[in-house]
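Colleague: After the structure tokens below, expect a handful of questions from me.
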Amino acid sequence: EADIYQTPRYLVIGTGKKITLECSQTMGHDKMYWYQQDPGMELHLIHYSYGVNSTEKGDLSSESTVSRIRTEHFPLTLESARPSHTSQYLCASSEDADRAEKLFFGSGTQLSVL
Amino acid sequence: LAKTTQPISMDSYEGQEVNITCSHNNIATNDYITWYQQFPSQGPRFIIQGYKTKVTNEVASLFIPADRKSSTLSLPRVSLSDTAVYYCLDRMDSSYKLIFGSGTRLLVRP
């Protein structure tokens, strides 16, 4: 079982604040992902990384940014939070053996921007 | 970017077998098909993965025909705790992007 951790689990914050959502994994996985999901809706890929110092934007446009300075750490930052950023953010890492990719998800961060 | 397609919802009763089919019209040649289960307010959880023919584990079976344009997740004798959203996933090209479809919302009734 993979270990992937997201903090905080819940965050309520005011408009205009800068926030960073943390994601760490202990499996040594090269690939990591951030998905955004509203209640009852599908997951949208917003960022992914295939290794240290490599990041790409996903299919859903997002005002957030990510960094990958260490293999185990993939934080997501919002420079100025807005109510439209209210959502659940899910981090995942993957074990990829010959294209048989398997995602392991964290518990998510539920973000509410007032 | 085309994603997988699957039924939006399904209803079943405890003890029945449930089959959920997914279309993979643009699957990349070497990629596997993977299914995930998601409960409310949690991240998706891996269920099963296969390339073709049939794969079975302690939770489910996965059937993939020779052309690999579809897959069917089979859940034997479902229980109330199997009520969840089920996603099929593949990779449409050589990129690293893994795009989820809409998922199938399974409701198991007593």
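Colleague: Just report the Cα centroid separation between segment B:40-57 and segment A:44-110, whole Å.
Modeller: First find each Cα centre; the distance between them is then 21 Å.
Colleague: If the only charges are +1 at each Lys and Arg Cβ and -1 at each Asp and Glu Cβ, what is the size of the charge dipole of the protein assembly as shown around the Cα centre, to the nearest 20 debye?
Modeller: Charge dipole, the protein assembly as shown, about its Cα centre: 260 debye, nearest 20.
Colleague: Tell me, what % of the accessible area of chain B is carbon and sulfur with a 1.4 angstrom probe?
Modeller: 50 percent
Colleague: How are the C-alpha pair distances of segment A:4-113 spread across 10 Å bins, as whole percents from the shortest bin up?
Modeller: Spelled out per bin, shortest first, that is 15, 51, 29, 5, 0.
Colleague: So what J values fall out for segment B:27-36 if you push phi through Karplus, 6.51 cos²θ - 1.76 cosθ + 1.60 with θ = phi - 60°, rounded to Hz, Gly and Pro as x?
Modeller: 5, 6, 3, 9, 8, 8, 9, 10, 10, 10
Colleague: Now a separate question. Skipping prolines and chain starts, which residues have an amide H placed within reach, meaning under 5 Å, of the one on B:HIS24, given they are 5 or more residues away or on another chain?
Modeller: B:SER70, B:SER71
Colleague: Putting +1 on Lys and Arg Cβ atoms and -1 on Asp and Glu Cβ atoms, find which of B:SER9, B:SER81, B:PRO65 reaches farthest to the positive end of the dipole of chain B.
Modeller: Projecting each Cα onto the dipole axis, the largest value belongs to B:PRO65.
Colleague: So, one more: Using only the alpha-carbon atoms, what does the protein assembly as shown span along each of its principal axes? Please give whole angstrom values in decreasing order.
Modeller: 50, 40, 31
Colleague: Determine, from the Cβ-Cβ distance of A:ASN53 and A:THR26 and an R0 of 22 Å, the FRET efficiency 1/(1 + (r/R0)^6), rounded to the nearest 0.05.
Modeller: 0.65
Colleague: Enter the accessible area per residue of chain A (Å², integer; probe 1.4 Å; all protein chains in place).
Modeller: Accessible area per residue, chain A: 47 Å².
Colleague: Give me the dipole magnitude in Debye, nearest 20, for segment A:41-114 about the Cα centre, with unit charges on the beta carbon: positive for Lys and Arg, negative for Asp and Glu.
Modeller: It comes to approximately 200 debye.
Colleague: Do you know the Lys pair count in the protein assembly as shown for C-alpha distances under 21 Å, with sequence separation 8 or more or different chains?
Modeller: So the count of such lysine pairs works out to 19.
Colleague: Please state the shape class of segment B:1-74: rounded when a/c is under 1.5, otherwise prolate if a/b exceeds b/c and oblate if not, all from the C-alpha gyration tensor.
Modeller: prolate
Colleague: Now a separate question. Once the Cα gyration tensor of segment B:23-110 is diagonalised, what are the square roots of 5 times its eigenvalues, in whole Å and ordered largest first, as equivalent ellipsoid semi-axes?
Modeller: Over the Cα atoms of segment B:23-110, the semi-axes work out to 23, 16, 10 Å.
The values are calculated or read from the model by the stated rules, or taken from the named source; none is laboratory data. No experiment lies behind these values; they were computed from the predicted model shown. Every residue, glycine among them, receives a Cβ derived from its backbone with ideal geometry; neighbour counts consider all protein chains shown. To get the accessible areas, we keep the full protein, side chains included, count just its heavy atoms, and leave off ligands, DNA and RNA. Shrake-Rupley method; radii C 1.70, N 1.55, O 1.52, S 1.80 Å.
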